[in-house]
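Take a look at the structure set out below.
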Amino acid sequence: MDSLEHLITRSIRTYYKNRLYAPIIFIIILLAISFFLPVGHLLLPKYYLEDEIHLHKMYNSGETFAKFHLSNLNFTGYTKKWLDHTTGYYYYTMINSECVIVLLDPDTCEHGIPEIKEIKIKGEILDESHSTKALLTNLASDLDWNTEGIMSTVSTFSISEPDATNIPSRLFRFFFIGFAIYSLLSIIIFCIYIAFPVLSPPVRKTRAYGKPAEILAEAEEELATLPQLATEDMFITEHYFIETSSYGVAIVPINAIIWIYKYSTMHKFLWHHFSITYTLHITAGKRHYIKCPKNIKSDIDGIMDYLSEANHDILVGFSEANRLKVEEIQNDFAIIRGITGFLSKRI
């Protein structure tokens, strides 16, 4: 009996402690990604005026993404294309007495205006970009210049706005921030459930039948003092059915149960059948649904027999007739019937 003392509360805490592993591991993965990639600069780029820009230092320090305030940009006459779609326009400007190639989004440069007096962009610093080399090679050929000569007069570093604002970059930012927020919220919420089990969903769902804290206390007391039937992770007390498995925790009053049935699952690998497990499905009032998976047949049969004896109104076994009865009892389509009735009157 000592092992049943506060079993529900302990099971809730254990369940959410186990659920903590996934978000914690995910946070560690995100931190590792941030360590190897310039995620911080991509998400929160610093702003630099033209005289503050030092591409070599920024690139070597890992600050490859930033916001730039540039002036006096001139169109080179070259564009960057992908599948016959223009993705950028090449400009050149002087930054700290150094000629730098800048690739702008089509909308930013109004699809290639000759001169831009002043502009603020978010860009990625690229070193010896293949596209920039191709641009300079073609430019040298058009001007009948020496390729090595023109490359020696232009910085090996370039600034690309499309690489910092394209769809892959936006998706990366969206998913990185989304997963980080989701993981942190999950950790916080699970910790609250561990500290205060009465606030956890398994207990809050009992609000449909009374005060959750009182129901939890009563179920704990009945389970610790006088359990009527017990399996490995399912229990029946005088007034409650209780589940405390690794798949979830549930408390439901026996008099609120409407329908019970079992569902078998065969486990196999290739042609070899390993075992058959059974899942107990319970439908209770207020649309409370419980699944107790991976149990043995004798345990579920015992639970179903006891519940059907304890509450003769419970529908036992899966059948179309039982399904329709439950649908009628719970009035599942009341909202739809109300909407259709309203619309028919309006029409």
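Some points to look at:
- Remark: pairs (first residue in region 114-136, within 11 Å of HIS69 (Cα to Cα); second residue open to solvent by 20 Å² or more (accessible area, probe 1.4 Å) and among the aliphatic types (A, V, I, L, M); Cβ separation under 9 Å; 6+ apart in sequence or on different chains) are absent.
- Candidate set from region 1-59 (those that are outside any helix (DSSP H, G or I) and charged (D, E, K, R)); member that is most open to solvent (accessible area, probe 1.4 Å): LYS46
- Of residues in region 139-149 being closer than 17 Å to CYS99 by Cα and either in contact with a strand residue (DSSP E or B) (Cβ under 7 Å, 6 or more places away or on another chain) or among the acidic types (Asp, Glu) (or both), the one surrounded by the most Cβ atoms within 10 Å (Cβ to Cβ): LEU139
- Annotation note: Cβ proximity below 7 Å between a residue of region 18-29 that is under 15 Å from TYR247 (Cα atoms) and a residue that is modelled with pLDDT of 95 or more and in a helix (DSSP H, G or I) (sequence gap 6+ or interchain) occurs for ARG19/PHE190; LEU20/ILE187; LEU20/PHE190.
- Cβ-Cβ under 6 Å pairs, at least 6 apart or on other chains, region 265-283 side modelled with pLDDT of 80 or more, far side open to solvent by less than 50 Å² (accessible area, probe 1.4 Å) and of a type in the set (Phe, Trp, Tyr): HIS281/TYR261; THR283/TRP259
- Residue check for TYR78: buried (at least 19 other Cβ atoms within 10 Å of the Cβ), of a type in the set (Phe, Trp, Tyr) and touching a Cys at 6+ places or on another chain (Cβ under 7 Å): no
- Index of the failed condition, GLU115 passing every other in (1) at pLDDT 90 or above; (2) within 42 Å of the chain's Cα centre (by Cα): (2)
Condition check ((1) farther than 23 Å from THR153 by Cα; (2) free of Cβ contacts under 8 Å to residues at least 40 places away in the same chain) across all residues:
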{"site": "LYS57", "(1), (2)": "no, yes"}
{"site": "ASN72", "(1), (2)": "no, no"}
{"site": "GLY88", "(1), (2)": "no, no"}
{"site": "VAL100", "(1), (2)": "no, no"}
{"site": "THR108", "(1), (2)": "yes, no"}
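Residues checked against (1) within 30 Å of VAL249 (Cα to Cα); (2) at pLDDT 90 or above; (3) basic (Lys, Arg):
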site	(1), (2), (3)
ASP2	yes, no, no
LEU7	yes, yes, no
GLU50	no, no, no
TYR78	no, no, no
TYR91	no, yes, no
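- Given (1) open to solvent by 60 Å² or more (accessible area, probe 1.4 Å); (2) in contact with a Cys (Cβ under 9 Å, 6 or more places away or on another chain), index of the condition ILE119 fails: (1)
- Total residues in region 150-206, condition surrounded by 12 or more Cβ atoms within 10 Å (Cβ to Cβ), closer than 27 Å to ALA32 by Cα and small (Gly, Ala, Ser): 6
- For ARG173, the requirement of being free of Cβ contacts under 8 Å to residues at least 60 places away in the same chain and basic (Lys, Arg) is not met.
- Residue match in region 217-235 (condition: farther than 23 Å from ILE189 by Cβ, open to solvent by 80 Å² or more (accessible area, probe 1.4 Å) and without any contact (Cβ under 8 Å) to a residue 24 or more places away in the chain): yes
- Here is the figure for region 242-299: residues that are open to solvent by 30 Å² or more (accessible area, probe 1.4 Å) and either assigned to a loop (DSSP other than H, G, I, E, B) or among the hydroxyl-bearing types (Ser, Thr, Tyr) (or both) total 15.
- Entry remark, region 88-116: residues being open to solvent by 40 Å² or more (accessible area, probe 1.4 Å) and not small (Gly, Ala, Ser) number 11 in total.
The values are calculated or read from the model by the stated rules, or taken from the named source; none is laboratory data. All values derive from a computational prediction rather than experimental measurement. Methodologically, a virtual Cβ is constructed for each residue, glycine included, from the backbone with ideal geometry; neighbour enumeration extends over all protein chains shown. Protein only, heavy atoms only, side chains kept; ligands, DNA and RNA dropped before computing areas. Shrake-Rupley method; radii C 1.70, N 1.55, O 1.52, S 1.80 Å.
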